[in-house]
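*Asks:* Pasting a structure here, questions to come.
Please treat every number below as a calculation from the coordinates, not as lab data. Not measured: the values here are computed from a predicted model. A quick note on method: Cβ atoms are made from the backbone with ideal geometry, for glycine too, and the neighbour counts reach across all protein chains shown.
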């Protein structure tokens, strides 16, 4: 099996196929420079040899000015958000095709953690990345 990340974030940009760490780095740079309406992307790890729908979704949000981002994973084991060390009193939202994706106020993490989550999603074939702290969505209600 050979996996690829399929990432989407912007009208007219199509789906980006990310196969290597360099591809992931280039995609994050592109997302960081895409403008205020395109700060968030959906990402799926897909088996290139199978024609199956994904059983997970990873959403990343990034902010160039603060050098922070956030991660949301939804899959068979529930919905999870990255857990950062600080609480943003203004809340955390990143625009996806011009519409806000809301994240918990304490979900912001350094961009290197966002990068690591994407790399792990690829190497772990779509399972929830392990290299960051998570909080279950059920804990937030």
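*Asks:* Report the residue, chosen from 11, 101, 56, that carries the largest GNM mean-square fluctuation when the chain is represented by alpha-carbon nodes joined by springs under 10 Å.
*Replies:* Among 11, 101, 56, the largest GNM mean-square fluctuation belongs to 11.
*Asks:* On to the next question. Taking just the C-alpha trace of region 2-44, give me its Rg and Dmax in Å.
*Replies:* Calculated on Cα positions, Rg and Dmax stand at 10.0, 34 Å.
*Asks:* Let me ask you something else. Taking the Cα centroid of region 104-129 and of region 1-48, what is the distance between the two, rounded to the nearest whole Å?
*Replies:* 13
*Asks:* Follow-up question, since we're still on this one. Return the distance in nm (one decimal) between the two label points of a simple spin-label model at residue 57 and residue 127, each offset 7 Å from Cα along Cα→Cβ.
*Replies:* Each label point lies 7 Å from its Cα, and together they span 2.3 nm.
*Asks:* Another question about this same structure. Would you calculate a helix-derived [θ] at 222 nm for the chain, using -39,500 (n - 2.57) for each DSSP H run of n ≥ 4 and dividing by the full residue count, to the nearest 500?
*Replies:* Per the formula, -5500 deg cm²/dmol.
*Asks:* Same structure again: How large is the Kirkwood hydrodynamic radius of the chain, in angstrom, based on all distinct alpha carbon pairs? Spell out each step's value before the answer.
*Replies:* Values: mean 1/r = 0.0668 Å⁻¹.
About 15.0 Å for the chain.
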